[in-house]
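Notes follow the structure.
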Amino acid sequence: MNKVLIIGRLPPPIGGVTMHVSRLIEHLPRNGFDRFTFCDFKTDKWVNIIRKIIRHRTIHLHASNPYFQLLFAMLCVLIRKRLLLTYHGNWERYRFAGNWAVRVSAFFCAVPIVQNDESFTKAKCCNPNALLISTFIPAARIIPLDPQCAQQLSDFRKRFEFLFCTNAWNLAFDKNAKETYGISQIINSMRNVNSGGLVISDPSGNYRPFIEKSFGSVPKNVLFIDGPHDFTNILRVSDAFIRNTTTDGVSLSIYEAHACNVVALASNSVSRARFCVVYEDIANINLIEELKRGRIRLQNECETEETNAVSKLIDLYQQYI
């Protein structure tokens, strides 16, 4: 009862939620906190999950489905468990029923944890205990690309003066049926950049067929890196990272780009980190000019925006156990 039960999923698939959870349970012991138990609801048997829930008073849930969040929050109320619930996406990104489920689950849980200012304002209305804690946790180590991918990336880099990159954990669409990660828009914009190439991290492997179908073929200045891999390898050889999303929580990749001293270009779908170059519509910007403007911003930056997600969560855990 004197430990926190962390419930979530580990990669694969590679995504913002699974990467946060894997890094969290890796960094907690490194920061002197080992009073936790981890439960992977994808691989653990339900009987083991129930047993773990019974044995812990405080539970920290990482899940994206708003209805699952609501059901779990209601369960915790019924069995008198204290639920810490991290919302990894932006509030109001669902349709009416999904948004309602998010608000009710926030009301029932002990502490709703959100990712940006606008979500924090809304969460506070549902639960005064709401906290704003970023999900960005730096990687403890970088896993190299396999030799074939590494060579492919190196050869591609040599062809272009400027290299842009982006990623999508899977082919996904928002509530308005638009591409959540806006990859097609980025590719369209790259058609006007003769000296630039684009690397797309596509761990699911589902985006490439969609682009081939939409464009007839993958443009020659676009390279897909498929399958599970460490995106940091791509950032390290890139000039700029593009986050062209229609909705977002806190993009881990934006902070990873900043840590690699790579310019971050981001849509204004949600509030962005201070170091980002923010745009309204990628179709209306000059990518090379925005890249150069971002480099000046990085050079003139006096302070680094740091997130202490692990230490903040440890403080929260100690408060509740």
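Listed by chain and number, the aspartates and glutamates whose C-alpha is less than 13 Å from the C-alpha of LYS122, apart from same-chain residues fewer than 8 away, are GLU92.
Using a probe of 1.4 angstrom and keeping all protein chains present, the accessible surface of the chain works out to 48 square angstrom per residue. Label sites at LYS213 and ARG293, each approximated as a point 7 angstrom past Cα along Cα to Cβ, lie 3.6 nm apart.
Rounded to the nearest 500, the helix-only mean residue ellipticity at 222 nm of the chain stands at -12000 deg cm²/dmol, with each DSSP H run of n ≥ 4 adding -39,500 (n - 2.57). Under the combined filter of DSSP loop state and at most 16 neighbouring Cβ atoms within 10 Å, the range 86-181 retains these GluC sites (Glu not before Pro): GLU92, GLU161. What a 1.4 Å probe finds exposed on the chain is 51% carbon and sulfur by accessible area, rounded to a whole percent.
In percent, rounded to a whole number, the relative contact order of the chain is 17, using alpha-carbon pairs under 8 Å and six or more apart.
Across all Cα pairs in the chain, the calculated P(r) in 10 Å bins from zero up to the longest distance comes to 6, 26, 33, 23, 11, 2, 0 percent per bin.
Mean separation of Cα pairs under 8 Å and 6 or more residues apart, divided by the residue count, gives the range 71-124 a relative contact order of 44 percent. A protection proxy built from the mean count of other Cβ atoms within 10 Å ranks the segments 238-247, 33-42, 212-221, most packed first, as 238-247, 33-42, 212-221.
Considering only Cα-Cα distances, which of the following residue pairs are longer than 22 Å: LYS52/LYS312; LYS52/LYS81; LYS3/LYS81; LYS3/LYS312; LYS158/LYS292? List each step's numbers first, then the result.
Values: LYS52/LYS312 24 Å; LYS52/LYS81 12 Å; LYS3/LYS81 12 Å; LYS3/LYS312 17 Å; LYS158/LYS292 20 Å.
With Cα atoms farther than 22 Å apart: LYS52/LYS312.
The values are calculated or read from the model by the stated rules, or taken from the named source; none is laboratory data. Computed from a predicted structure; not experimentally measured. For neighbour counting, all protein chains shown are included, and Cβ atoms are generated from backbone atoms with ideal geometry for every residue, glycine included. To get the accessible areas, we keep the full protein, side chains included, count just its heavy atoms, and leave off ligands, DNA and RNA. Shrake-Rupley method; radii C 1.70, N 1.55, O 1.52, S 1.80 Å.
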